[in-house]
Amino acid sequence: MFEVKDIKDTHLAENPVIAQMSRYNHEQLLFCNDNETGLKAIIAVHNTVLGPALGGTRMWNYTNELEALNDVLRLSRGMTYKNSISGLNLGGGKAVIIGDSRTMKSEALMRRFGKFVNSLGGKYITAEDVGISPVDMTWVNMETDHVVGLPGKSGDPSPVTAYGVYVGMKAAAKAQFGTDSLAGKKVAVQGVGHVGEYLVKHLTQEGADVFITDIHEPTLKRISETYNAKVVGLDEIYDIDMDIYAPCALGATVNDETLDRLKCSVIAGAANNQLKEETIHGKAVMDRGIIYAPDFALNAGGVINCYAEVKNLSGEWAMAKAEEIYTTISSIINRSKEEGIPAYQIANKMAEERIVAIGKVKLPL
Ligand SMILES: NC(=O)c1ccc[n+]([C@@H]2O[C@H](COP(=O)([O-])OP(=O)(O)OC[C@H]3O[C@@H](n4cnc5c(N)ncnc54)[C@H](O)[C@@H]3O)[C@@H](O)[C@H]2O)c1
């Protein structure tokens, strides 16, 4: 049994929690437990320099607590970067609930979680993520106002996300082909779910030659028929003749194996964490002359939609803000070329620079 006196015997660097927090400068962690409801959760506030930390709640059957801790630390930091590069007055945070979302959720558990969110007094604003539904969020909302993405509010973020991906893809095309017109460009969309379908709509409206794949056959058939997009196999997508690869399903699809096959000269899609290993594959992509639009900057439409809800702004505002993703992606690509540094690294730098600059503005009260 761990006792307080044991702390003096433990060097700070060996402390698995605080040492991990200090690695990327996380501000605060809240460990939540409730035996009655079975709730076990961690809320991570990474950085609140720009504003309250916004990020979704994920429910996942983690094999152990360390896995949950690593995930919440990584995801909350990612939200800081996404919110910063998108020019939002939001910090980064995330929450994870440990458990099986199909069997362990209940009104009581979600409300107990809502109470923990509320205890942070607005420093953390939550939203839906993997394993959490709009109904769950209405339960959370019974205990706290610090929640967005509620039914009847800003609604499905996918159209805003898809629009941001589309305009950002155009910016990447401009840098690679000298024109941002996608007419006649061969675009391979991997995953035609919520975001993928809206993206296919924009692309076909502009006259792009669109190829699609998905594990869900009925969706694939419907989208192929509706938008006249060509269906390709799940694995075949990596080998086809294409100008632009748009991953809109899974992460880590840009890796050693696929990079030897991909014939595209632009990678721009909605999926999170597209580069399997940022440091290795971010550079490999640049070395091959492929322009990569960093995922967290490109797919920020979803969080822009949440921000509109936090600030009571309209859907039109969200779409106009998502349009700025064109300029953001152009700036990242230009700097990447000028400095000879991979685009993902430039995007990280730009996000950090904004936090430092705004942090200085905020100091004198
Ligand atoms: N929805 C948003 O606003 C939003 C915002 C930011 C990032 N994202 C990211 O964008 C991606 C797509 O989000 P979404 O909301 O459209 O999800 P979704 O679940 O609606 O769609 C994903 C689609 O990918 C398909 N798919 C799954 N595995 C596949 C595989 N191996 N090959 C091909 N297709 C496969 C699924 O059948 C589904 O149709 C996700 O990675 C998500 O994290 C979404």
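Just so it is clear, none of the values below were taken in a lab; they were calculated from the coordinates. Only a predicted model underlies this, so the values are computations on that prediction, with no experimental measurement involved. Neighbour counts are summed over all protein chains in view; Cβ atoms, including those assigned to glycine, are modelled from backbone coordinates with ideal geometry.
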**Prompt:** In this structure, does residue 330 turn out to be touching a residue at least 12 places away in the same chain (Cβ under 8 Å), away from the ligand (no atom under 16 Å from the Cβ), of a type outside the set (A, V, I, L, M) and farther than 17 Å from residue 127 by Cβ?
**Reply:** yes
**Request:** Evaluate segment 103-124: report whether one residue or more is in a strand (DSSP E or B) and away from the ligand (no atom under 16 Å from the Cβ).
**Result:** yes
**Prompt:** Which one is farthest from residue 81 (Cα to Cα) among residues in segment 29-63 that are of a type in the set (A, V, I, L, M) and in contact with a Cys (Cβ under 9 Å, 6 or more places away or on another chain)?
**Reply:** 39
**Item:** Residues being farther than 22 Å from residue 49 by Cα and touching a residue at least 24 places away in the same chain (Cβ under 8 Å) - total across segment 300-321
**Value:** 3
**Complete:** Those residues of segment 183-194 which are in contact (Cβ under 8 Å) with a residue 40 or more places away in the chain and assigned to a loop (DSSP other than H, G, I, E, B) amount to 185, 191, 192, 193
**Fill in**
In segment 268-285, anything closer than 19 Å to residue 243 by Cβ and either within 16 Å of the ligand (Cβ to nearest atom) or surrounded by fewer than 17 Cβ atoms within 10 Å (Cβ to Cβ) (or both) is listed as 268, 269, 270, 271, 274
